[in-house]
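The values are calculated or read from the model by the stated rules, or taken from the named source; none is laboratory data. Computed from a prediction, not measured in an experiment: that's the story for all the values here. Neighbour counts run over all protein chains shown; Cβ positions are idealised from the backbone, glycine included. Remember, those area values only see protein heavy atoms, side chains included, never the ligands or the DNA or RNA. Shrake-Rupley method; radii C 1.70, N 1.55, O 1.52, S 1.80 Å.
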Amino acid sequence: MIYYNKKINPIERHYDKITEDKHELKSSSPVINTFKSERLQTDKRMINTIVPQKDKKVKINSVSQLDEYGQKAAQLVKEGNNLFITGKAGTGKSTVLRILVKDAKERKKNVVVLAPTGVAAKVAKGMTIHSFLHLPLGPYIPGHHIQGLYHLNDIEKELIRKLDTIFIDEVSMVRCDLLDEIDDVLRHYRKSK
């Protein structure tokens, strides 16, 4: 045997291994080929067992179909409390929001669904915060008069006065100064301190 210090590229080593396996597969007997095929099928079954297939999603259409936390959220909204719903992606926050909005509309409440971005507003079937309240873009300093802050028409003013609930989807993307701006605009039009 001759040993030498040539470094072998891992990709070449992998390619050589694949090539050897192909030659072995061609040259081996039908019994071995059947065994390898069965092993491959077993491996596929194991992968399907380890990685669960997505089940059909159940469509939730009412508060009674929500879990205990969703039902508690609905109860808090009915009582007029402020509520912050949080959770990881895919846990059903938007589903709970959709059900809460549907429930409020069934109870003849005036609600609006807002979101900080156009995409979030479209997904939530609402509108952006800026377009609903006609807010100017840029930072907001509470107590400072901003040109164009209170420029709603009479219909929009009446709509804001009659609102019972505002749902803000993706509220974690809302800057704190924007929340102050929303608060100031709503207090201005609803004549509350």
- Task: With a cut-off of at least 2 residues that are charged (D, E, K, R), name the helices (runs of 4 or more DSSP H) lying wholly within region 116-193.
- Result: 154-162, 176-190
- Scanning region 61-72 for residues that are part of a helix (DSSP H, G or I) and open to solvent by less than 70 Å² (accessible area, probe 1.4 Å) gives Val63, Gly70
- Taking region 99-117 and keeping only residues that are open to solvent by 80 Å² or more (accessible area, probe 1.4 Å) and touching a strand residue (DSSP E or B) at 6+ places or on another chain (Cβ under 9 Å), one is left with Lys105, Lys109
- Restricted to region 73-92, and to residues that are in contact (Cβ under 8 Å) with a residue 24 or more places away in the chain and in a helix (DSSP H, G or I), which residue is most open to solvent (accessible area, probe 1.4 Å)? Lys78
- Message: It is to be established whether one or more residues within region 118-136 are open to solvent by 30 Å² or more (accessible area, probe 1.4 Å), without any contact (Cβ under 8 Å) to a residue 12 or more places away in the chain and more than 26 Å from the chain's Cα centre (by Cα).
- Response: no
- All but one of (1) over 24 Å from Leu97 (Cα atoms); (2) open to solvent by 100 Å² or more (accessible area, probe 1.4 Å); (3) in contact with a helix residue (DSSP H, G or I) (Cβ under 9 Å, 6 or more places away or on another chain) hold for Leu149; which doesn't? (2)
- Selected residue (only one of Ile155, Ile146 is at pLDDT below 85, over 30 Å from the mean Cα position of the chain (by Cα) and β-branched (Val, Ile, Thr)): Ile146
- Query: Has region 164-179 got at least one residue that is more than 30 Å from Gly90 (Cα to Cα) and open to solvent by less than 40 Å² (accessible area, probe 1.4 Å)?
  - Reply: no
